[in-house]
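One structure is given below, encoded as structure tokens.
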Amino acid sequence: MKSLFRIKAIFSVLLIAACMQSTAVMSTGDTPQWVQSEQDMYPNFKYLSATGSAGNAEQAKARALSNLAKIFEVQIREVSTTSQDIQTHQSRGVETVEKRQRIASTVNLKTDKMIEGARIAEQWQNSLDLTYHALAVLDRTHAGNNIRTEMQRLDEETQYAMNLFEKRNDDLLKISDLHQTVQLQQDRQVLQKTLKIIDVKGKGLPSSWNLAELNEQLQQALRSLPLQTAVKQDDVGGLSAILQGAAAAAGFNIGSRGYQLTASVVAQEPIDQNDWYWLRATLKIELIAQDGSAVIGYKSWPLKVSASNKSQLDARMQKEVDKKLKQHLLNSILEFAS
């Protein structure tokens, strides 16, 4: 949601700028052709266009530009991949199966390139109901060139990251390089889908890299990373199994001597407020280098749970720890490597 909010905020700035730069003259005569259909001056093969109407001129222009932006919005949404993790648990002789979906997302960070150059080309006011109408247009060639330039930049950065990857000896740094290439090409994929909208021929600019192959290469690198887990402090119980499960879900193959991933859960005394119990704790992870002493990076998160029965607090805190690790463990380790 934050990513989509940021995208819309970028659009808002661009829409305001386009409104300010508008030089279209307001007309009040007969209904112009562009209000109801495509007009000869701005043919579809050369321009993307959209109209907007409102009770005042500025709002009509803003709506026209917003409607133009919506042509791209579907392609600017998060590029997500979903995989399903299935785990079995046994408790008192009863086996349960838990299915969990893991979603990894990246968002294109250069959405301003998509609508840069949009302008208000025509304005008209209906003399009967005084409604204002505006026509926003975007030159396909201009927009396409902007996006191609951005795609070429992403390709250059991808090539640079791949060159580093091939020269590295450190397994963790190699994973960081691969992760960067995946992110760059995911951003590029969004731009490619958008360019196909702008390009009349619908071809865009194909990439030299296969995103699926890059993802598989990253997963293989994660599985081959020598990594073992350890617990420093566990005030709620079950942390060792939770940590191993989260690391496995992130794609790591646990057991090999090498890097050490440690975790601790330090809990405060439970608080009783009006027959309702609260428990606060701090979850911390550290990644230790292969020499066994140097700390590469660490992160911590404050956690809080509540229950009507004090005996339920530890179990609920365990669930919170499990949830937090599965959400953030992989990205945290990748940040440590960067």
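Here, each number is a calculation from the coordinates, and none is a lab measurement. Quick caveat: nothing in here was measured; it's all calculated off a predicted structure. Counting neighbours? That spans all protein chains shown, and the Cβs are built from the backbone with ideal geometry, glycine included.
At q = 0.09, 0.13, 0.18 Å⁻¹, what base-10 log of I(q)/I(0) does the Debye formula yield for the stretch 225-337 when every alpha carbon is treated as an equal point scatterer in vacuo?
The Cα Debye sum returns log10 ratios of -0.25, -0.49, -0.84.
Subtract the Cα-Cα distance of residue 41 and residue 308 from 0.36 nm times their separation in residues, and report this length gain in nm to one decimal. Show your work: numbers first, answer last.
Details: separation 267, 0.36 × 267 = 96.12 nm, distance 6.95 nm.
Extending this stretch completely gives an extra 89.2 nm.
With contacts defined as alpha carbon pairs under 8 Å and 6 or more residues apart, what's the relative contact order of the stretch 152-281 in percent? If you can, show how the numbers build up before the last one.
Values: 152 pairs, mean separation 24.1, N = 130.
Across the stretch 152-281, relative contact order equals 19 percent.
Highest mean first, how do 285-296, 151-162 rank when packing is the count of other Cβ atoms within 10 Å averaged over residues?
On the way: 285-296: 14.4, 151-162: 16.8.
For the peptides 285-296, 151-162, the packing ranking is 151-162, 285-296.
What does the net charge come to around residue 164 if you take all other residues with beta carbon closer than 14 Å to its beta carbon, with K and R at +1 and D and E at -1?
Working: positive: 167, 168, 174; negative: 156, 157, 166, 170, 171, 177.
My count for the surroundings of residue 164 gives -3.
Give the average over all directions of the projected area of the C-alpha convex hull of the stretch 158-275, one decimal, in nm².
12.5
Round to the nearest 0.05 the FRET efficiency obtained for residue 139 and residue 324 when R0 = 41 Å and r is the Cβ-Cβ distance. Numbers along the way, then the final one.
Numbers: r = 48 Å, r/R0 = 1.16.
E(calc), rounded to 0.05, equals 0.30.
What ranking of 252, 72 emerges when the number of other C-beta atoms within 10 Å of each C-beta is taken as an exposure proxy, fewest first?
Details: 252 25, 72 22.
Fewest-to-most Cβ neighbours within 10 Å comes out as 72, 252.
Less than 14 Å Cβ to Cβ from residue 133, Lys/Arg counted +1 and Asp/Glu -1: what total charge do the surrounding residues give? Kindly include the intermediate steps, with their values, before the conclusion.
Values: positive: 61, 63; negative: 30, 58, 122, 129.
Charge balance near residue 133 sits at -2.
Once you've got the Cα coordinates, tell me which of 70/193; 304/324; 232/299; 299/324; 174/326 are over 20 Å apart. Numbers along the way, then the final one.
Numbers: 70/193 14 Å; 304/324 12 Å; 232/299 14 Å; 299/324 12 Å; 174/326 22 Å.
The pairs that break the limit, which is 20 Å between Cα atoms, are 174/326.
Normalised by the number of residues in the stretch 225-337, what is the relative contact order in percent for Cα pairs under 8 Å and 6+ residues apart?
About 26 percent, as a whole number.
Please work out the Kirkwood hydrodynamic radius for the stretch 143-223, using every pair of different C-alpha atoms, and report it in angstroms with one decimal place.
Values: mean 1/r = 0.0753 Å⁻¹.
Kirkwood radius, the stretch 143-223: 13.3 Å.
Only Cα pairs under 8 Å and at least 6 apart count here; give the relative contact order of the stretch 143-223 as a rounded whole percent. List each step's numbers first, then the result.
On the way: 66 pairs, mean separation 27.5, N = 81.
The normalised contact order for the stretch 143-223 reaches 34 percent.
Run the quick spin-label model on residue 216 and residue 299: label points 7 Å from Cα toward the beta carbon, then report their separation in nm to one decimal.
2.8
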